[in-house]
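Working notes for the structure below.
The values are calculated or read from the model by the stated rules, or taken from the named source; none is laboratory data. These numbers were taken from a predicted model, which means no experiment stands behind them. Cβ coordinates were reconstructed from backbone atoms using ideal geometry, including for glycine residues, and neighbour counts include every protein chain displayed.
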Amino acid sequence: MPQHEGARLFRETWIAGVRAHFPGEPKSGYVTPWEETPDWERQAAGAVYEQVAQFVQLSDGHASRLSREQKGRFVATCWTAQMFKQFGDPKPGYVADWPELPSWQQETDADIFEAIEKSLS
């Protein structure tokens, strides 16, 4: 899958995850459609898609044996690296470690890993 399609898959899965797991009404920025997503966020989403795809491929399918938490942690770590790349001094929420992330975000990150995994099969 080309990176721009992978980035879009990432974003659409993020939006679906937010709608499924966020308690109450999410901030509009959390569910901004792909067409309105800022370029920096599209680039970051594409990079994380590529990192997860390569990880899955290099594991010869054995990444499927990871727990949902491990999958979500991997996405969160990749995203954090992109935030440091995109912003000189990112907001603390952009680079929070796994234990500090809200459960809705942890679940959404795991959903993203699994959607990418599925897209490769």
* Asked: What pairs can you find where one residue is in the range 78-103 and under 24 Å from Val56 (Cα atoms) and modelled with pLDDT of 95 or more, the other is part of a loop (DSSP other than H, G, I, E, B) and among the basic types (Lys, Arg), and their Cβ atoms are less than 9 Å apart, with a gap of 6+ or different chains?
  -> Met83/Lys91
* To do: Give the range 9-64 a look and list any residue that's over 18 Å from Trp79 (Cα atoms) and either in contact with a Gly (Cβ under 8 Å, 6 or more places away or on another chain) or buried (at least 16 other Cβ atoms within 10 Å of the Cβ) (or both), or say none.
  => His21, Phe22, Ala63
* First in the range 13-39 and closer than 19 Å to Phe113 by Cβ, second anywhere and of a type outside the set (Lys, Arg) and in a loop (DSSP other than H, G, I, E, B), Cβ under 6 Å, 6 or more apart -> Val18/Pro26
* Structure fact -> Those residues of the range 40-60 which are in contact (Cβ under 8 Å) with a residue 60 or more places away in the chain and more than 15 Å from the chain's Cα centre (by Cα) amount to Gln57
* Structure fact -> Exception for Phe113 within (1) surrounded by 11 or more Cβ atoms within 10 Å (Cβ to Cβ); (2) closer than 25 Å to Lys27 by Cβ; (3) more than 12 Å from the chain's Cα centre (by Cα) falls at (3)
